[in-house]
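Undergrad: The structure follows.
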Amino acid sequence: MTDDKKKIKKKAETDKRSTDNKISTKKDLDKEKKGEATDPLKEMETKIKSLEKEAKETYDRFLRVSAEFENYKKRSAREMSEFKKFANESLIKELLIVVDNMERAINSSKDEGNSNNGLIEGIDMTLKELLKIFEKFSVKQVESLGKPFDPNFHQAVMQQENDEFPHNTVINELQKGYIINERLLRPATVVVSMSKEKK
């Protein structure tokens with residue numbers, strides 16, 4: 001054999017060994033993979049981990065839904081409370097006209113000095129009962145006379161020169177104002193003082 005042939009033969013043997021090693025290594029790896037897949041302990045561990053992760057996600061979702069439901073319950077209770085507080089508002093607004101008329105009747109009878117005292121006393125008693133009912137539903141009169149003008153509670157229809165009261169003070173109440181549960185139901189219609197210097 002010539003040197004070239006020897007070299008080729010050696011190279012072929014080396015290549016064959018290398019290929020055989022690669023094949024055997026691949027077979028070993030395949031066996032190991034098959035061993036892993038068929039290993040029941042590792043399979044169970046994988047399943048347990050995935051189930052734990054799923055359970056944690058489900059629990060987190062449950063907590064979020066619970067919190068949202070609690071917020072919904074609180075919001076509904078708050079809305080129901082607000083509704084109950086102000087459900088009578090429109091009815092009471094209509095009754096305010098009756099109260100105004102009764103007050104006018106009492107005031108005009110005092111001015112005229114009528115002898116119909118029994119009728120006036122009856123109107124006065126009815127008015128007092130009506131105002132008691134208003135109190136049960138948290139309706140109160142806005143106190144205006146002698147108070148500084150407040151645009152949140154008063155509606156000024158005119159100004160009048162007056163030196164007895166400080167400037168911008170309510171000196172006459174044409175129509176009483178009312179609040180229901182700390183919310184303005186109707187502003188008081190008032191006359192406001194104006195000092196001569198401010199003119």
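The values are calculated or read from the model by the stated rules, or taken from the named source; none is laboratory data. What you see is a predicted model, and the numbers here were worked out from it, not measured in a lab. When we count neighbours, we look across all protein chains shown, and the Cβ atoms used for this are built from the backbone with ideal geometry, even at glycine. In case anyone asks, the SASA skips ligands and DNA or RNA and just uses the protein heavy atoms, side chains included. Shrake-Rupley method; radii C 1.70, N 1.55, O 1.52, S 1.80 Å.
Undergrad: Would you confirm whether any residue within segment 49-66 is polar (S, T, N, Q) and at pLDDT below 90? Can you show your working first?
TA: Within segment 49-66, the subset polar (S, T, N, Q) is 50, 58, 66.
Narrowing further to those that are at pLDDT below 90: none.
No, that holds for no residue.
Undergrad: So which of Phe153, Phe149 ends up being at pLDDT 85 or above, in contact with a Gly (Cβ under 8 Å, 6 or more places away or on another chain), under 23 Å from Val192 (Cα atoms) and not small (Gly, Ala, Ser)?
TA: Numbers: Phe149 fails: in contact with a Gly (Cβ under 8 Å, 6 or more places away or on another chain).
Testing whether each residue is at pLDDT 85 or above, in contact with a Gly (Cβ under 8 Å, 6 or more places away or on another chain), under 23 Å from Val192 (Cα atoms) and not small (Gly, Ala, Ser) leaves just Phe153.
Undergrad: Among the hydroxyl-bearing types (Ser, Thr, Tyr), assigned to a helix (DSSP H, G or I) and under 30 Å from Asp124 (Cβ atoms): does that describe Ser81? Can you show your working first?
TA: Details: among the hydroxyl-bearing types (Ser, Thr, Tyr): yes; assigned to a helix (DSSP H, G or I): yes; under 30 Å from Asp124 (Cβ atoms): no.
No; evaluated as a whole, the condition is false for this residue.
Undergrad: Further question: Among the residues of segment 184-199, what is the count of those that are without any contact (Cβ under 8 Å) to a residue 60 or more places away in the chain and closer than 17 Å to Glu89 by Cβ? Give the derivation first.
TA: Let us first name the residues in segment 184-199 that are without any contact (Cβ under 8 Å) to a residue 60 or more places away in the chain, namely 184, 187-199.
Now restrict to residues that are closer than 17 Å to Glu89 by Cβ: 184, 187.
Qualifying residue count for the region: 2.
Undergrad: Which one is most open to solvent (accessible area, probe 1.4 Å), of the residues in segment 148-183 that are part of a strand (DSSP E or B) and touching a residue at least 40 places away in the same chain (Cβ under 8 Å)? Walk me through how you get there before you give the answer.
TA: Step one: filter segment 148-183 for residues part of a strand (DSSP E or B), giving 148, 154-161, 169-175, 177-180, 183.
Adding the requirement that they be touching a residue at least 40 places away in the same chain (Cβ under 8 Å) leaves 175, 178-180, 183.
Working: Gln175: 55, Tyr178: 2, Ile179: 28, Ile180: 1, Arg183: 98 Å².
Only one residue tops the list, namely Arg183.
Undergrad: While we're here: Quick one: in segment 37-94, which of the residues that are polar (S, T, N, Q) and closer than 30 Å to Tyr178 by Cβ is nearest to the chain's Cα centre (by Cα)?
TA: Ser76
Undergrad: Inside segment 158-179, can you point out the residues that are under 25 Å from Ser138 (Cβ atoms) and not small (Gly, Ala, Ser)?
TA: Step one: list which residues in segment 158-179 are under 25 Å from Ser138 (Cβ atoms), which gives 170, 173-179.
Of everything in segment 158-179, those that are under 25 Å from Ser138 (Cβ atoms) and not small (Gly, Ala, Ser) turn out to be Val170, Glu173, Leu174, Gln175, Lys176, Tyr178, Ile179.
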